[in-house]
Amino acid sequence: MNSFLFLAQLGVETAAPHVEGFAYPNEQHVLWSILIVIYPYITGLVAGAFIMASLVKVFNVRALAPVYRLALLTALAFLICAPMPLLLHLGHPERCLQVMMTPHLSSPMAMFGFVYAWYIMAVLLLELWLEYRHDFVRWGQTEPGLQGALYRLLTLGARDVSPEALKFDEKLSSIVTLIGIPSAFLLHGYVGFIFGSIKANPWWGNVLMPVIFIFSAIVSGIALCVFIYTELNWFRGREVDDECLDEMGKFLFYALLLDFSIEGLDWLHRLYSADESIHVLKQLAAGKLFNTMLVGQLFCGTLIPLLLLGSTQVFRQQIPRFVRRRIYYFSALLIMAGVLLMRWNVVIGGQLFSKSLRGFTTFKFELAGQEGWLVGLTLMVLPYLILWLFLRVFLPAKYDKVGHSQGPLHSAV
Amino acid sequence: MTSPRLPPQLLRLVLLTLAIIGTYSVARVFLTPATFGQFGHYRGAALEEAASRPPVYAGAKACDECHGDTFAQLTKARHRSVSCEACHGPNRPHVKNPDIVPAKLTDRHCVRCHLADAARPAKHRQINLTEHYPNEKCLECHVAHQPNQSK
């Protein structure tokens with residue numbers, strides 16, 4: 001047994017062909033791979049979708065009311081999947097509760113558990129419950145069988161639907177949304193902080209990191225809502241609400257513009273201050289990350305959508321509706337891919353160069369295995385499946401027309 | 001006059017919150033390991049568990065008992081700073097029962113420490129495999145226990 005272990009060690013002695021220049025032995029293998037790329041991507045979508053929903057509640061953007069529930073359900077479906085990449089990456093998912101039982105302030109993992117629990121229970125579920133309670137009571141009376149029983153159960157026994165009670169729901173819900181925005185920032189800011197706080201890595205250690213992560217999260221969340229809203233209407237054979245879609249397109253454009261500006265500023269600042277790491281970072285951007293960063297993230301994921309969406313802002317009247325719809329849909333897809341690539345560039349990119357700033361290693365993406373792209377793909381598809389289930393139960397086609405966020409609408413008048 | 005009453009939704013939420021906090025507190029009682037916090041923020045029993053793991057190394061002194069000649073040879077040569085088991089691997093079972101023979105070492109094993117690598121300290125002797133007698137076995141020229149002696 002021991003000699004077996006020993007022979008396994010002997011396997012690693014020869015020259016490493018995937019290393020260029022000078023790299024310390026412990027830098028030659030990329031340890032944070034696809035799962036750690038997907039994790040901030042998914043939490044970003046959650047935070048973004050929630051912030052998009054809060055536009056309706058807090059900022060009273062009425063045109064977006066048709067996607068209010070959709071956005072919240074989307075956030076929930078993705079939130080359920082958010083910790084999965086981490087659990088899979090660490091192995092031993094059955095031990096995950098331990099960190100919550102004996103938490104320590106110096107453990108970001110434990111704190112994430114609490115932020116996550118707070119966010120899912122005190123914010124998302126609460127907000128959804130308040131939004132849906134009225135309907136649960138109604139549907140519980142009309143729906144037969146199991147589904148009806150589920151609705152009745154979900155009222156938690158609070159069946160009072162008098163105007164005062166509904167008004168109270170609303171008040172509470174606005175408060176929850178207000179608490180929700182900083183919570184969403186916290187949830188996703190935490191992700192940026194994981195990278196931003198690593199001082200030893202010039203690609204990551206940057207106070208702007210949480211801000212950059214949050215803005216790209218908002219962008220990707222709105223894009224996700226555009227995508228899902230379009231798909232859902234197509235699937236249910238319904239006309240999209242163009243006013244709503246135009247409004248989402250507007251917010252998508254401005255959010256993307258902001259995101260682009262902040263990331264641009266970050267680069268300008270790095271280039272101008274030109275500290276000792278700048279050479280290796282430039283080489284990284286122009287070399288190993290050329291395709292994913294300059295072509296993928298910047299050109300396809302940012303500049304093209306900016307042009308497309310920008311044109312709908314400037315020439316809205318001249319562009320026919322159906323073209324606008326395609327533009328929004330297509331831009332949303334590009335943006336989502338761009339943000340995924342951004343996560344890739346941050347996570348993988350930060351591990352490709354040596355701390356000596358004089359060498360690179362290579363990341364090889366495997367097919368199967370714990371960190372393979374099959375697992376990655378499964379994790380990316382899973383939230384959509386969960387969402388599909390949610391939509392069947394909580395946004396059924398027959399209620400969808402009347403059901404969406406009547407709350408803020410009748411309260412606002 | 002009606003007394004101000006808690007809205008029913010709020011009552012449910014308060015109850016639910018209490019239930020969650022209650023569940024968490026109960027779960028903590030059962031899921032916190034027994035010896036947690038005995039010495040610090042970790043399981044006290046972890047120390048014993050680690051200590052009770054069977055050691056796999058025996059140490060160079062143990063080898064000296066039976067391989068005194070090799071030991072003497074080694075301590076006179078440049079590999080003196082390298083312990084027997086750094087090359088031969090953990091060998092406690094062999095010390096207890098010499099019939100369990102250590103694994104044979106191949107040539108590639110020298111390269112583990114001597115392959116040229118910019119990350120290694122410059123004073124450590126390193127060779128470039130393509131320049132240093134490629135395609136020949138290290139042990140055809142070098143004596144493992146006395147590397148500065150040639151065969």
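The values are calculated or read from the model by the stated rules, or taken from the named source; none is laboratory data. This is a predicted model, so every value here is computed, not measured. Cβ coordinates were reconstructed from backbone atoms using ideal geometry, including for glycine residues, and neighbour counts include every protein chain displayed. To get the accessible areas, we keep the full protein, side chains included, count just its heavy atoms, and leave off ligands, DNA and RNA. Shrake-Rupley method; radii C 1.70, N 1.55, O 1.52, S 1.80 Å.
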Q) For B:LEU16, which of the numbered conditions (1) closer than 27 Å to A:TRP118 by Cα; (2) more than 8 Å from chain A (Cβ to nearest Cβ) fails to hold? A) (2)
Q.
Need the failing condition index for B:GLN9 against (1) within 11 Å of chain A (Cβ to nearest Cβ); (2) out of contact with any Asp or Glu (no Cβ under 7 Å at 6 or more places or on another chain); (3) part of a helix (DSSP H, G or I), just the number.
A. (2)
Q: Give the residue, chosen from A:VAL99, A:VAL67, A:VAL56, that is open to solvent by less than 10 Å² (accessible area, probe 1.4 Å), out of contact with any Cys (no Cβ under 7 Å at 6 or more places or on another chain) and of a type outside the set (Phe, Trp, Tyr).
A: A:VAL56
Q. Do we have A:HIS104 as on the phi > 0 side of the Ramachandran plot and either of a type outside the set (Val, Ile, Thr) or buried (at least 18 other Cβ atoms within 10 Å of the Cβ) (or both) here?
A. no
Q.
Looking at A:GLY189, A:GLY180 in this structure, which one is touching a Pro at 6+ places or on another chain (Cβ under 7 Å) and either of a type outside the set (Ser, Thr, Tyr) or within 14 Å of chain B (Cβ to nearest Cβ) (or both)?
A. A:GLY189
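This table checks each residue for (1) within 20 Å of A:TRP373 (Cα to Cα); (2) in contact (Cβ under 8 Å) with a residue 60 or more places away in the chain.
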{"position": "A:VAL37", "(1), (2)": "yes, yes"}
{"position": "A:TYR41", "(1), (2)": "yes, yes"}
{"position": "A:VAL46", "(1), (2)": "no, yes"}
{"position": "A:CYS96", "(1), (2)": "no, no"}
{"position": "A:SER106", "(1), (2)": "no, no"}
{"position": "A:ALA110", "(1), (2)": "no, no"}
Q | Failed condition for A:LEU224, given (1) modelled with pLDDT of 95 or more; (2) surrounded by fewer than 16 Cβ atoms within 10 Å (Cβ to Cβ) | A | (2)
Q | In the stretch B:107-124, residue nearest to A:GLU27 (Cα to Cα) [restricted to those that are facing another protein chain (nearest Cβ under 8 Å) and of a type in the set (Gly, Ala, Ser)] | A | B:ALA119
Q: Taking the residues in the stretch A:141-156 that are away from every other protein chain (no Cβ under 13 Å) and under 17 Å from A:PHE390 (Cβ atoms) as candidates, determine which candidate is surrounded by the most Cβ atoms within 10 Å (Cβ to Cβ).
A: A:TYR151
Q: Mind listing whichever residues of the stretch B:114-131 are modelled with pLDDT of 90 or more and surrounded by 15 or more Cβ atoms within 10 Å (Cβ to Cβ)?
A: B:HIS114, B:GLN126
Q. Filter the stretch B:48-62 for residues that are under 16 Å from the mean Cα position of the chain (by Cα), of a type outside the set (S, T, N, Q) and away from chain A (no Cβ under 14 Å); which is least open to solvent (accessible area, probe 1.4 Å)?
A. B:GLY59
Q | Positions within the stretch B:74-99 being touching a strand residue (DSSP E or B) at 6+ places or on another chain (Cβ under 6 Å) and open to solvent by 50 Å² or more (accessible area, probe 1.4 Å), in sequence order | A | B:ARG78
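Per-residue answers, yes or no, for (1) in contact with a Cys (Cβ under 6 Å, 6 or more places away or on another chain); (2) farther than 22 Å from A:MET209 by Cα; (3) exposed (fewer than 13 other Cβ atoms within 10 Å of the Cβ); (4) at pLDDT 90 or above:
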{"position": "A:VAL323", "(1), (2), (3), (4)": "no, yes, yes, yes"}
{"position": "A:THR361", "(1), (2), (3), (4)": "no, yes, no, yes"}
{"position": "A:LEU385", "(1), (2), (3), (4)": "no, yes, yes, yes"}
{"position": "A:SER405", "(1), (2), (3), (4)": "no, yes, no, no"}
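Against the condition assigned to a loop (DSSP other than H, G, I, E, B) and of a type in the set (Gly, Ala, Ser), how does A:GLY189 come out, does it pass?
So A:GLY189 fails the test.
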Q: All but one of (1) within 14 Å of chain B (Cβ to nearest Cβ); (2) modelled with pLDDT of 90 or more; (3) open to solvent by 60 Å² or more (accessible area, probe 1.4 Å) hold for A:ARG159, so report the exception by its number.
A: (2)
Q.
List the residue pairs whose Cβ atoms are under 7 Å apart, where the first residue sits in the stretch B:83-106 and is at the interface with chain A (Cβ under 8 Å from one of its Cβ atoms), the second is assigned to a helix (DSSP H, G or I) and of a type in the set (A, V, I, L, M), and the two are 6 or more positions apart or on different chains.
A. B:ALA103/A:LEU7
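Yes/no per residue for (1) aromatic (Phe, Trp, Tyr); (2) touching a residue at least 24 places away in the same chain (Cβ under 8 Å); (3) touching a Ser or Thr at 6+ places or on another chain (Cβ under 9 Å):
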site	(1), (2), (3)
A:PHE136	yes, no, yes
A:GLY140	no, no, yes
A:LEU150	no, yes, no
A:SER183	no, yes, no
A:LEU187	no, yes, yes
Q | Hey, B:GLY40 of a type outside the set (Phe, Trp, Tyr) and at pLDDT below 95 or not | A | yes
Q: For the stretch A:114-132, enumerate the residues that are in contact with a helix residue (DSSP H, G or I) (Cβ under 6 Å, 6 or more places away or on another chain) and within 11 Å of chain B (Cβ to nearest Cβ).
A: A:LEU126, A:LEU130
(Q) Quick check on B:PHE30: is it loosely packed, with under 14 Cβ neighbours inside 10 Å, within 14 Å of chain A (Cβ to nearest Cβ), at pLDDT 90 or above and not in a helix (DSSP H, G or I)? (A) no
